[in-house]
1. Filter region 156-194 down to the residues that are of a type in the set (D, E, K, R), modelled with pLDDT of 85 or more and open to solvent by 70 Å² or more (accessible area, probe 1.4 Å) and list them by number.
2. Which ones in region 195-220 are open to solvent by 70 Å² or more (accessible area, probe 1.4 Å), in a loop (DSSP other than H, G, I, E, B) and either among the β-branched types (Val, Ile, Thr) or within 30 Å of Ser170 (Cα to Cα) (or both)?
3. Which of the residues spanning region 19-63 are more than 17 Å from Pro138 (Cβ to Cβ), more than 14 Å from the chain's Cα centre (by Cα) and either surrounded by 12 or more Cβ atoms within 10 Å (Cβ to Cβ) or in contact (Cβ under 8 Å) with a residue 60 or more places away in the chain (or both)?
Amino acid sequence: RGSEEAEALAAAAIPFEIVPGIPSPFAATAYAGISVTHRDLASSVTLVSGTTRAGEPFDFSELARLRGTICVLMGMHALAAICERLVREAGRDPGTPAAVIQGGTRAEQRVVAGRLDQLAALAREAGLGSPAIIVVGPVVALRRTLRWFDARPLFGKRVLVTRPEGQAASTAALLRLRGAEPVELPTISIQPPPDPAPLRDAVRALDQHDVVAFTSENGVTRSEEHTSE
């Protein structure tokens, strides 16, 4: 719907800039392990809006001659009817692989795959809803071998990171690499001591000790600061 928003801005003489990005169907399918085109399975992909502005359903008979992949956006409210019309009007085999991808590319991504004629029931049983994308075509079967994002060891888990502000980024990044959703909530705050004199004196007397042990990187940083002073 970005073009509609741009039209409204243009009509109001409000300057705007369009930053091109990856269309949601291609991003979501990639994260679900589904390649929308494949030399052996589908040479084309068609993006369809499940509902027109007037609220009328899309005329799926337009797709009767297409054999490639079909991606339906904004169609979850009528998933059962869409699956039925793809069979009846677009001529798709009821056993065609199909999938619903909810929250694609996000930590809460959920994917249900199965036969086209069973997809609505599978999605209902799994409790899937909007926002979601419907994908229909033989390429959906690729998910069995290309699934990667939601196969990570910590996928679906939310992890609380309690490190001090400014020090949680590295831990959060490692958690994301393993599929988790990090939530940064600092439970401590590192502040200078009310009286820095004892620490300063201790640093200056380091040559009087055989071993100096630091219990965290914060201690090292503070010691370096006072040493430089």
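The values are calculated or read from the model by the stated rules, or taken from the named source; none is laboratory data. Computed from a predicted structure; not experimentally measured. Glycine gets a Cβ as well: all are built from the backbone with ideal geometry, and neighbour counts include every protein chain shown. Note: areas computed on protein heavy atoms with side chains; ligands, DNA, RNA excluded. Shrake-Rupley method; radii C 1.70, N 1.55, O 1.52, S 1.80 Å.
1. Filtering region 156-194 down to residues of a type in the set (D, E, K, R) leaves 157-158, 163, 165, 176, 178, 181, 184.
Checking the rest, the ones that are also modelled with pLDDT of 85 or more come to 157-158, 163, 176, 178, 181, 184.
Correct list: Lys157, Arg158, Arg163, Arg176, Arg178, Glu184.
2. Within region 195-220, Val211, Val212, Ala213, Phe214, Thr215 meet the criteria.
3. Those that are more than 17 Å from Pro138 (Cβ to Cβ), more than 14 Å from the chain's Cα centre (by Cα) and either surrounded by 12 or more Cβ atoms within 10 Å (Cβ to Cβ) or in contact (Cβ under 8 Å) with a residue 60 or more places away in the chain (or both): Leu47, Val48, Ser49, Gly50, Thr51, Pro57, Phe58, Asp59, Phe60, Ser61, Glu62.
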